[in-house]
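The values are calculated or read from the model by the stated rules, or taken from the named source; none is laboratory data. None of these values were measured; they are calculated from a predicted model. Please note: Cβ atoms are built from the backbone with ideal geometry, for glycine as well, and neighbour counts cover all protein chains shown.
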């Protein structure tokens, strides 16, 4: 369908420009006049209908989407029309990909499409949760409330991710520094000691020294093999993760890893509760809400438990029974969900569960950070200490021989 650029004036005499799809100039002119505008110009543009393939490459960050939701909600609540709101938001957003998407969505909405349908064409930017809440807002006539809940949900999700990233920053930095130091010592310092040992006539090296020198030779002469192994393992894990069985194995291992497994489990429980509660309070039916949560949880094992609950509810069962049988949801979560069902305040209970587990994640992250720091420092000290001792063992033997010979 062709796209036209138009210029109109509203009832107050203000000039406005925009683009819209239409079968012809006459049809678009008539449509704009029916909306109360005085049309001053319509011309066909070279641009065809927007699609996901025409959108700029890049990534739309969660922060950009959250700001978009908050501003969109404020404008709709103030009585600004959908098309006008999208026009303003498209002009002021700084992300080029989001700007392009908003412009394409504006064209769809101007052409008579629902907002949820227009947004659903960009699943990599607007997930099922986003579309589900917008659709529920459209049905209930409360899009501004749906956008507010989306913004609040995204802000809490970002805050949780920020805390996890912040807690992991120090250990990652220490590990990187340790690797750089070890590689630097093995690449530049150890070879000089090897030359020194040869000059001193050392023929039999202690086992630790021999291991260190073999590792140094490997880094100097066969470093590409190490990089190849790392790339191969990474690629193999990616490929295995794309299969159903492989994804199950990997996700099960994620839940079983000491320390980090329970932490990740709590993060997923918080996300499950927050997402399901947000969907239910927005008026999304529980079956559709569970289906959306199952796709958004990020772990196949938990997702299967949620979808099993979805199937049991369809047969008339309550949600807490299949969740309890799965063994992946703690008794507290199951009982609170059961109480929420009985009292008709399931969304409120889910919000309480989410707040509890978010607090648990905060506490565990603080404890983890405090315990990882000394462990990383000790690990770095052991690596450097092993290198130093391995290098000085032959020298000590040489000195002992010279003293004995003297």
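If you scan segment 81-117, which residues turn out to be in contact with a helix residue (DSSP H, G or I) (Cβ under 7 Å, 6 or more places away or on another chain) and under 20 Å from residue 59 (Cβ atoms)? Of everything in segment 81-117, those that are in contact with a helix residue (DSSP H, G or I) (Cβ under 7 Å, 6 or more places away or on another chain) and under 20 Å from residue 59 (Cβ atoms) turn out to be 89, 90, 93, 95, 98, 99, 102, 103, 105.
Is it the case that residue 365 is under 30 Å from the mean Cα position of the chain (by Cα), touching a residue at least 24 places away in the same chain (Cβ under 8 Å) and under 27 Å from residue 274 (Cβ atoms)? The answer is yes for residue 365. Scanning segment 164-176 for residues being in contact with a helix residue (DSSP H, G or I) (Cβ under 6 Å, 6 or more places away or on another chain) and under 26 Å from residue 274 (Cβ atoms) gives a total of 1. Of the residues examined, residue 168 is not one that is in contact (Cβ under 8 Å) with a residue 12 or more places away in the chain and either part of a helix (DSSP H, G or I) or closer than 15 Å to residue 281 by Cβ (or both).
Criterion applied to 402, 393 was being farther than 30 Å from residue 178 by Cβ and part of a helix (DSSP H, G or I), and the one residue passing it is 402.
Only residues that are surrounded by 17 or more Cβ atoms within 10 Å (Cβ to Cβ), at pLDDT below 85 and within 20 Å of the chain's Cα centre (by Cα) were counted in segment 239-282, giving 0.
If you go through segment 85-115 and pick out every residue that is under 14 Å from residue 72 (Cα atoms) and either free of Cβ contacts under 8 Å to residues at least 40 places away in the same chain or out of contact with any strand residue (DSSP E or B) (no Cβ under 9 Å at 6 or more places or on another chain) (or both), you end up with 13. The set of residues in segment 264-278 that are farther than 20 Å from residue 335 by Cα and in contact (Cβ under 8 Å) with a residue 40 or more places away in the chain is empty. One residue alone among 387, 375 is exposed (fewer than 13 other Cβ atoms within 10 Å of the Cβ) and over 30 Å from residue 320 (Cα atoms), and that residue is 375. For segment 46-71, the tally of residues that are at pLDDT 70 or above, surrounded by 12 or more Cβ atoms within 10 Å (Cβ to Cβ) and assigned to a loop (DSSP other than H, G, I, E, B) stands at 2. Across segment 109-140, the number of residues qualifying as surrounded by fewer than 22 Cβ atoms within 10 Å (Cβ to Cβ), more than 20 Å from residue 70 (Cβ to Cβ) and over 21 Å from the mean Cα position of the chain (by Cα) comes to 6. With respect to the conditions (1) in contact with a helix residue (DSSP H, G or I) (Cβ under 6 Å, 6 or more places away or on another chain); (2) within 30 Å of residue 282 (Cβ to Cβ); (3) assigned to a helix (DSSP H, G or I), residue 328 lacks only one, and its number is (3).
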